[in-house]
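Participant: Mind having a look at this structure? Questions to follow.
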Amino acid sequence: MTKTIPDSIELGFHYRSDAPLRMLLLLYRSDWQKLVLSLLFFVIKHSPEWIRPLIIANIIDLLTQPQHHSLFNLWLNGGILIFSIMQNLPTHYLHIWAMSHAIRQMELNLRSAIIVRLQQLSISYHNQSSTGAIQAKLLQDVDKIQQLSQSVFQFIPAALLTILIAIAVTAQRAPWFLLFFVATVPAAVLVIQGLRQPMHDRNHVFRKQVETMSAHLSEMIKLIPVTRAHGAEAVAIGQTRDRLDAVKQAGVRLDGINAVTNASTWIIFRMFSAICLLTSAYLAHQGQLQVSAGDVVLLTGYFDTLTQSTAQILAVLPQMTTGFEAIRSVGEVLECPDLEANQGKQPINQVVGRFHFEQVSFSYPSQPQPAIQGINLTVAEDETIALVGPSGAGKSTLVNLLLGFLRPTEGQIFLDGQDMNHLDLRTYRQFVSVVAQETILFEGTVRENILYGSQSVSETQLKQAICDAHAEEFIAQLSEGLNTRIGENGARLSGGQRQRLAIARALIRNPRILILDEATASLDAASESLIQAALTTLMRGRTTFVVAHRLSTIHRADRIVVLEKGCIKEVGNHHQLLQQDGLYAQLHALQVV
Ligand SMILES: Nc1ncnc2c1ncn2[C@@H]1O[C@H](COP(=O)(O)OP(=O)(O)OP(=O)(O)O)[C@@H](O)[C@H]1O
Ligand SMILES: [Mg+2]
């Protein structure tokens, strides 16, 4: 039997996207030591950048004022410079090593948390959300959070550190020069403040457009056979182009605002840098404030480092806004409250297979009429119940109630005398097999598809299941037998073959309860009889609910439940119901069942 998944999400804390920066820090809760280590190595590896202007200034002073310095100073300065350059190899490696470990671990944790959450969210949530949009969150948004991490833990601290060192050295050599620094930063901050809101808005619009496009693209690809069969290629291409165009428009607007931000800050810094150079050169020329030629080089050098660092911080701001938006986007999954309520409920380790419906009603939130209404029904263990009724009668809704994908809005369903509302449905479903109307197969081998969801199955059990599903012959004819890859959703198999694989998959779990939604598509006589034979084996010795379309299935059922507009109209076996001459007899005459 399969293991149940843990209730807590991998992160070990509650995701709160309304405080994205705090959230980002929390994501690194377990790896903060690595971040600190990485920063430490950065300081060392980056030291040539701060040392160089000092050394150049020393050497220039040495050349312009040879009377004050000995040649030894030149070698000393040169030695320090070369050593500081050489140490870069090991320290840079260690800096990246520590950073990469922390960031990649965060990526892994976050993706796992999303996956766990997706498996906990209700089936209604999944029916409403698009695969493409979820994929975009799982792949692109986590990537963006990774980039954000790099900004917050690498670029920004590094730049801040550089600024601090530049300020400290300047304060020591020419304190009055700090005025330039002090004036530059508020000017840049003002510009950024003004652009923050439009930047945030355009990022949000862009992200939503990418999600819509992603959802549309996966739908378009899925629909290609239908599109082609209807000759609607031009329409599909046109619609897709519109989405792509919307992404382009949003992207261009976003790039535009980023360009304005970057250019404005660049201009501010370059202007201040130019003023700084001219002023210090002028003062040196006039012999005022004891500014030497070396000081001019040093100050302009540091001013450039300072402005570059500030510019770096400002340049990563747009990327950070994108990252914060990604944190919100991931929150749409991690904070979604629409979970299947299993937490704290009673797990079960045995199922007999008796059901009792007591005044069960169910209404979909969007529908005024209930889809299921006042159902009373008792089902004995090992009984086979056929559900029949016109389209929209509520058969699939009833099946989803049985599976616990939907919960009754009124009344109760009892399993072996226990209210299903009080059970951990994940443990219950380990005793259930479902053969859906449309067989869902995945890209993999025949063996992997049959064994999906089962653990520790022996080769003999596998062979037996295949034999009972009457799938032995066609599997043997495949080029590599059980190890043949079957293409996405069983593309290389016929409808009947796919159904028999689904039956083998259901059989191997040896379920106590079987839920079967018969395919409406008719098969050729040979496939039909093989499937009927397989189904007979499958239904034996378990409680079975079957949404039945085939006469042979209906004949074999112990009881037939006829539904209409969500209510039970008639219950009985085939002959009793024909004699009653009611809805079933009508449906039968019309060959609807
Ligand atoms: N996800 C949903 N949201 C809102 N209404 C729904 C949803 N699914 C079904 N319904 C409505 O509930 C009613 C019962 O639908 P249900 O799918 O159970 O019918 P059915 O008997 O399985 O029909 P069919 O034989 O065509 O599969 C219908 O009126 C349908 O419109
Ligand atoms: Mg249905």
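Just so it is clear, none of the values below were taken in a lab; they were calculated from the coordinates. Please read these numbers as outputs of a predicted model, since none were measured by experiment. Counting neighbours? That spans all protein chains shown, and the Cβs are built from the backbone with ideal geometry, glycine included.
Participant: Using r as the Cβ-Cβ distance of Leu551 and Gln369, and R0 as 22 Å, what FRET efficiency do you calculate, to the nearest 0.05?
Facilitator: 0.15
Participant: Let me ask something else. What distance in nm lies between label points placed 7 Å from Cα along the C-beta direction at Arg407 and Leu21?
Facilitator: 3.9
Participant: Along the positive direction of the dipole of region 355-589 (beta-carbon charges: Lys, Arg +1; Asp, Glu -1; about the Cα centre), which of Ser433, Phe414, Val546 reaches farthest?
Facilitator: Going by the charge dipole, the pick is Ser433.
Participant: Let me ask something else about it. Between Glu488 and His588, what length in nm is gained on full extension when 0.36 nm per residue of separation is reduced by their alpha carbon distance?
Facilitator: Using 0.36 nm per residue and subtracting the Cα-Cα distance, I get 32.3 nm.
Participant: Just to check I understand the Karplus step: with θ = phi - 60° and J = 6.51 cos²θ - 1.76 cosθ + 1.60, what whole-Hz values come out for region 382-392, glycine and proline as x?
Facilitator: The phi angles translate into 6, 7, 10, 10, 9, 9, 10, x, x, 4, x Hz.
Participant: While we're here: Which of Cys567, Cys276 has the fewest other C-beta atoms within 10 Å, and how do the rest follow up to the most?
Facilitator: Cys567, Cys276
Participant: Helix 525-539: angle to the longest alpha-carbon principal axis of the chain, degrees 0 to 90, nearest 10?
Facilitator: Orientation of helix 525-539: about 90 degrees from the principal axis.
Participant: Which angle from 0 to 90°, rounded to the nearest 10, does the C-alpha axis of helix 156-173 make with the longest principal axis of the chain?
Facilitator: Value to nearest ten degrees: 10.
Participant: Then there's this: Round to the nearest 0.05 the FRET efficiency obtained for Trp97 and Arg354 when R0 = 56 Å and r is the Cβ-Cβ distance.
Facilitator: The calculated FRET efficiency here is 0.40.
Participant: What nm value, rounded to one decimal, do you get for the distance between Trp176 and Val235 when each label is placed 7 Å out toward the C-beta?
Facilitator: Distance between the two pseudo-spin positions: 7.9 nm.
Participant: Related question: For Val446, Val260, Val351, which order do you get if you count the other beta carbons within 10 Å of each Cβ and list the fewest first?
Facilitator: Val260, Val351, Val446
Participant: Still on this structure: If we count other beta carbons within 10 Å of each Cβ, what is the order of Glu438, Glu107, Glu480, fewest first?
Facilitator: Details: Glu438 13, Glu107 16, Glu480 10.
With the fewest neighbours first, Glu438, Glu107, Glu480 line up as Glu480, Glu438, Glu107.
Participant: Follow-up question, since we're still on this one. Post the alpha-carbon centroid distance, region 38-86 to region 402-460, in whole angstrom.
Facilitator: Between the Cα centre of region 38-86 and that of region 402-460, the gap is 71 Å.
Participant: Calculate, in nm to one decimal, what Arg104 and Glu472 gain on full extension: separation in residues at 0.36 nm each, minus their alpha carbon distance. All intermediate terms of the calculation are to be shown ahead of the outcome.
Facilitator: Working: separation 368, 0.36 × 368 = 132.48 nm, distance 4.54 nm.
Taking 0.36 nm per residue and subtracting the Cα distance, the gain is 127.9 nm.
Participant: With charges only on Cβ, +1 for K and R and -1 for D and E, what is the dipole size of region 1-128 about its Cα centre, in debye, rounded to 20?
Facilitator: Computed about the Cα centre, the dipole is about 320 debye.
Participant: Find which of Asn349, Gly231, Leu298 sits farthest along the positive direction of the dipole of the chain, computed with +1 on the beta-carbon of Lys and Arg, -1 on that of Asp and Glu, about the Cα centre.
Facilitator: So the residue we want is Leu298.
Participant: How large is the dipole of the chain about the Cα centre if only Lys and Arg carry +1 and Asp and Glu carry -1, each at its Cβ, rounded to the nearest 20 debye?
Facilitator: Computed about the Cα centre, the dipole is about 860 debye.
Participant: Ok, one more. Could you check the spin-label model distance between Leu277 and Ser70? Points 7 Å from the Cα along Cα→Cβ, value in nm.
Facilitator: 3.7
Participant: Express the relative contact order of the chain as a whole percentage, based on alpha carbon pairs under 8 Å and six or more residues apart in sequence.
Facilitator: On the way: 797 pairs, mean separation 90.2, N = 593.
Contact order relative to length: 15 percent.
Participant: So, with +1 on the Cβ of K and R and -1 on the Cβ of D and E, and no other charges, what is the size of the charge dipole of region 20-334 about its Cα centre, to the nearest 20 debye?
Facilitator: The dipole magnitude comes to about 600 debye.
Participant: Okay, next question. Show the residues, 5+ positions off or on another chain, whose built amide H is closer than 5 Å to the amide H of Lys569.
Facilitator: Sorted by chain and number, the residues that satisfy this are Val562, Leu563, Glu564.
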